[in-house]
Amino acid sequence: MEVSIKGFIYHKTAEKYADCFDRIGVNVKTNKLAISDGVSKSFFPDIWAELLVEFFLKNEGRINIANIDEYKAIQNEWLKKVSEIVNKPNQKYFVRNFFIQGRPAAATFVGLHFYKDNTSLKWEAVALGDSFLFFIPKDVENINENFNKVIHLSSKNDFEFNNFPDFFDSRSHTHKGRISQREYNLTGGTFYLMTDALAEWFISEKQAAIQEISKWKSQDTFEKSVIQLRKTTLYNDDSAILIVNIEEDNIPEIHYKEILVTKLDELIETENKAIKNEITEHIIVPSLETVKESKEEIPILNESHEESKLVAFKDDNEQSNVDSLKAKNEKVINPTIVIETNKETSLTEIENNNKEIKKRKIRFWERFIPQSWMNRHNTEHEFKNEKNEEDADVNNAGMDKSDTIQYELIYRQDYIEIQEEPENTEEKEEGNDENDESRTKPNDDISSITEKF
């Protein structure tokens, strides 16, 4: 007998593969295939469904549903895996409560086994729940007219589907429902093992379903077909299927021609990589131009505190200004304001450095004085020092008194514009007005003003 196997799986709409509770598996060494559907309302049903498939596939020999010890071993393994998850430090409290309460997992199951009995090849299958096995003999061309010739296996007595199927229980030694088991001689035809959503669709559509399944050549075509079918006749649920084609070749042995079974672990890994890449693409990294635009005016202090001068960069080419200062043998203390094109600079680093520099400027006794008063006091003090230096420069330049008054007003305005804290500009101007005797005092009579209100 020549055997070809294809298997596909797909999650619910608006969910991911990591949320899928269906499981499929094939083991050519033991000639076994299995499919399981974890009941979504139970406790960790995906782990339970996976264990049911794994234990069935690895055990050699005939199917023995009466082996209670094997069933207990599967339950113990489920309990071990779930305990590790529940006991994690960051686990949610209600998950731990469910575990303490003894919440079980539940899953439907279908298993298929090929074996040799003396000189003849046979197949046997076991099923519990609303997952189905269908076998269509090679001589049946249209199942719409000959559906009674289709062999189907499930623990359901009818084709009515609901939310309360039979299942294997992960804690109790008994299970819900009666396990169905059959065996036949192996002949040419096609086996279809499928979970409840596809089984219900298959029973409803019959021959149209067979024609659609024949188009499923890969995981991609299967996904696209399921997405389209969910818009019309297919129920939105996890969907899994195993398609096993048997060709008679007059050889009394089983050999496999083609195996194309999707592995859920690989799908989850690919999905996680895609999500990670999508998140990475949305991360915005500030460019050098962004950093420059955010620093239009940056004060630079030279090394000498006695002859400190406040310099403002108002043009875009900040590096040229730094070079001009170096040409005058003036060393720049604050290196954060120099934006070099060969180094990566972030806004966060610049802001942190500027905060540290401001913090170092504050003396201990200054911490007990209101900041608004300190800003006004520092502005007056710095302006007086600058004014004295400029007066000396004016005298050296040979300017008369009328020119110095006009120059003073221009210098005052430029000085105010380059302050680091624009919100304190009004206070600084008020502080400078106290020393300006040319301004006239306001009249004591304010009746003209109050009349407006």
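Only a single item in (1) of a type in the set (Ser, Thr, Tyr); (2) in a strand (DSSP E or B); (3) touching a helix residue (DSSP H, G or I) at 6+ places or on another chain (Cβ under 7 Å) is not met by Thr190, and it is number (3).
So which residues in the range 38-55 are under 15 Å from Ser239 (Cβ atoms) and in contact with a helix residue (DSSP H, G or I) (Cβ under 6 Å, 6 or more places away or on another chain), if there are any at all? The one that is under 15 Å from Ser239 (Cβ atoms) and in contact with a helix residue (DSSP H, G or I) (Cβ under 6 Å, 6 or more places away or on another chain): Gly38.
Okay, residues lined up against (1) outside any helix (DSSP H, G or I); (2) at pLDDT 50 or above:
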{"residue": "Glu266", "(1), (2)": "no, yes"}
{"residue": "Thr270", "(1), (2)": "no, yes"}
{"residue": "Ile275", "(1), (2)": "no, yes"}
{"residue": "Ile279", "(1), (2)": "no, yes"}
{"residue": "Ile284", "(1), (2)": "yes, yes"}
{"residue": "Lys292", "(1), (2)": "no, no"}
{"residue": "Glu297", "(1), (2)": "yes, no"}
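When only residues in the range 156-171 that are modelled with pLDDT of 90 or more and of a type outside the set (Asp, Glu) count, which is surrounded by the fewest Cβ atoms within 10 Å (Cβ to Cβ)?
Of everything passing the filter in the range 156-171, Arg171 is surrounded by the fewest Cβ atoms within 10 Å (Cβ to Cβ).
From the list Ile203, Ile213, the one residue that fits, being in contact with a strand residue (DSSP E or B) (Cβ under 7 Å, 6 or more places away or on another chain), β-branched (Val, Ile, Thr) and touching a residue at least 12 places away in the same chain (Cβ under 8 Å), is Ile213.
Take the conditions in contact (Cβ under 8 Å) with a residue 24 or more places away in the chain and out of contact with any strand residue (DSSP E or B) (no Cβ under 7 Å at 6 or more places or on another chain) and apply them to Phe43. Does it pass? Yes; evaluated as a whole, the condition is true for this residue.
So for the range 22-35 (the condition being exposed (fewer than 13 other Cβ atoms within 10 Å of the Cβ), of a type in the set (D, E, K, R) and under 28 Å from the mean Cα position of the chain (by Cα)), does at least one residue qualify?
So far as the range 22-35 goes, no, none of its residues is exposed (fewer than 13 other Cβ atoms within 10 Å of the Cβ), of a type in the set (D, E, K, R) and under 28 Å from the mean Cα position of the chain (by Cα).
How many of the residues in the range 156-173 are in a loop (DSSP other than H, G, I, E, B) and closer than 17 Å to Asn64 by Cβ? Count: 1. Contact annotation: residue pairs with Cβ atoms under 7 Å, 6 or more positions apart or on different chains, pairing a residue in the range 75-89 that is under 18 Å from Ala49 (Cβ atoms) with a partner that is assigned to a helix (DSSP H, G or I), are Glu77/Leu51; Trp78/Ile47; Trp78/Trp48; Trp78/Leu51; Lys81/Ile47; Val82/Ile47; Val82/Phe99.
Against the condition surrounded by fewer than 20 Cβ atoms within 10 Å (Cβ to Cβ), under 27 Å from the mean Cα position of the chain (by Cα) and over 20 Å from Thr174 (Cα atoms), how does Lys12 come out, does it pass? For Lys12, the condition - surrounded by fewer than 20 Cβ atoms within 10 Å (Cβ to Cβ), under 27 Å from the mean Cα position of the chain (by Cα) and over 20 Å from Thr174 (Cα atoms) - is met.
The values are calculated or read from the model by the stated rules, or taken from the named source; none is laboratory data. It should be emphasised that the depicted structure is a prediction, and the values quoted were computed from it without experimental measurement. Virtual Cβ from ideal backbone geometry, glycine too; neighbours counted across all protein chains shown.
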